[in-house]
1. How much length would be gained if the chain were fully extended between Ala258 and Ala144, taking 0.36 nm per residue of separation minus their Cα-Cα distance, in nm to one decimal?
2. In nm, to one decimal, how far is the Ser221 label point from the Ser83 one, both placed 7 Å along Cα→Cβ?
3. If you project the alpha carbons of region 217-272 onto their three principal axes, what span does each projection cover, largest first, in Å?
4. By average Cβ neighbour count within 10 Å, what is the ranking of 162-172, 76-86 from highest down?
5. Quick check for me: using +1 on Lys/Arg Cβ and -1 on Asp/Glu Cβ, what's the dipole size of region 252-361 about its Cα centre, in debye to the nearest 20?
6. Over region 248-304, what relative contact order in percent results from Cα pairs under 8 Å that are six or more residues apart?
7. Which whole-percent values make up P(r) of region 71-184 when all C-alpha to C-alpha distances are grouped in 5 Å steps starting at zero?
8. Please work out the Kirkwood hydrodynamic radius for region 31-120, using every pair of different C-alpha atoms, and report it in angstroms with one decimal place.
Amino acid sequence: MNTIITKVATRDARFPLGTGAGSDAVHRDPIYAYAVTLLESNAGPTGNGLAFTLGEGNDLVCRAAEFYAQRLVGRDIEEVMASFGRLQHEMANEQQFRWLGPHKGVVHLALASVTNACWDLWAKSRGVPLWKLLLDLSPEELVATLDLSYLEDELTQEQALALVRAQWPTRNEREGVLSAGYPGYDTSVGWFNYDDEKVRKNCKKAIASGFTAMKLKVGSSDPERDIRRAHIVREVAGDAARVMLDANQQWTLPQALAICPRLSAMNPFWIEEPTHPDDVLAHKTLAGAIAPVKLALGEHVPNRVIFKNYLQAGCAGFIQVDAVRVAGISEFIAVSLLSKKFDVPVVPHVGDMGQIHQHLVLFNHIGLGHDALFLEHIPHLREKFTHPVKIERGTYLTPQEPGNSSDLKL
């Protein structure tokens with residue numbers, strides 16, 4: 001039976017956190033929110049797509065997503081996905097919306113929501129989890145779902161096919177991750193509003209739960225606070241643990257050049273989002289100044305073109321592309337392929353709380369040959385999902401339910 005999209009709808013889902021959870025140097029009292037796209041079908045399954053925001057403005061993303069999704073009504077999901085790269089290109093360049101981007105902001109977040117709903121419905125219609133759908137696709141079928149426009153100077157369609165084909169013969173060597181699980185890291189030990197004692201307790205709790213990597217929010221008006229807290233985490237976690245520092249774009253370049261060398265003394269695994277996400281040259285300057293400590297970025301990088309620029313500049317040590325921030329799963333895969341070409345690890349930011357990304361990192365590792373480094377874990381919305389991620393001893397267990405695991409209890 002063909003799976004025909006019969007009706008589309010959107011939902012504005014918002015979840016206040018409270019108690020300091022989710023806070024960073026810029027967002028002191030965040031409201032986690034999703035612009036949800038729902039694609040109902042004649043065959044029963046409903047495709048569920050998410051884009052992540054932080055409260056006000058989520059309704060604007062929903063309105064834009066409904067505009068995009070209406071063009072899918074009456075279409076077979078298999079036919080949609082057979083040439084989804086071309087369809088996504090058309091939607092991203094829709095003349096009434098392109099001026100509002102292009103390829104960024106409200107309209108691009110809306111495209112993420114719709115794109116992710118399409119992938120979810122496709123996987124559900126085939127009765128498989130997203131990671132298996134991705135691995136089952138031939139290189140040609142996979143690349144047909146991608147819009148590679150504006151990447152041609154670094155990644156043509158032929159080069160993308162070659163990258164996927166090159167990994168095909170050794171995929172079975174990496175399939176052990178499906179039974180072993182994918183390593184996670186705890187990003188909740190040191191939210192910005194937590195006091196020093198709570199950071200210390202959270203670090204001990206993370207270690208007891210099996211995590212060997214954790215992250216601290218920095219970017220205080222008083223640099224001494226950041227330095228003190230960073231050394232608390234290192235002291236509790238020990239020298240063998242990977243400790244990441246995240247400034248959430250708070251510093252200017254002069255500020256970053258002043259504080260990052262001092263933070264380097266505690267041996268961070270990376271320093272994340274040190275300054276404005278559009279300032280590629282500032283990151284290049286900073287990366288050169290603090291090497292061998294590496295920069296991680298991508299939480300606020302809106303599209304594959306800017307990721308390309310960062311990779312070309314050689315200043316990104318880790319790429320944190322987020323499928324609920326860029327134009328969904330398809331653009332995530334395009335950035336993963338680009339990162340593979342430049343031999344830079346992909347460690348996603350998880351605006352989806354890891355629900356979709358637990359599938360994508362499995363595909364990145366098995367299908368594209370990326371290292372199985374680790375995946376961010378944020379537990380705060382666990383009870384809101386129908387099939388929440390499963391973590392044991394700091395490790396993501398492989399999801400088995402059909403779809404991309406993003407169904408919310410709406």
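1. Details: separation 114, 0.36 × 114 = 41.04 nm, distance 4.59 nm.
Extra length from Ala258 to Ala144 when fully extended: 36.5 nm.
2. 5.7 nm
3. In descending order, the Cα extents are 31, 18, 17 Å.
4. Final packing ranking: 76-86, 162-172.
5. Numbers: 8 positive and 9 negative charges, 64 e Å.
Computed charge dipole of region 252-361: roughly 300 debye.
6. Working: 63 pairs, mean separation 22.8, N = 57.
Computed value for region 248-304: 40 percent relative contact order.
7. That works out to 2, 10, 17, 19, 19, 17, 10, 5, 2, 0, in percent per bin.
8. Values: mean 1/r = 0.0761 Å⁻¹.
When all Cα pairs of region 31-120 are included, the Kirkwood radius is 13.1 Å.
The values are calculated or read from the model by the stated rules, or taken from the named source; none is laboratory data. This structure is a prediction, so every number in the text was calculated from the model and none was measured. Cβ: placed from backbone, ideal geometry, glycine included. Neighbour counts: every protein chain shown. These accessible areas exclude ligands, DNA and RNA; they are computed on the full protein's heavy atoms, side chains included. Shrake-Rupley method; radii C 1.70, N 1.55, O 1.52, S 1.80 Å.
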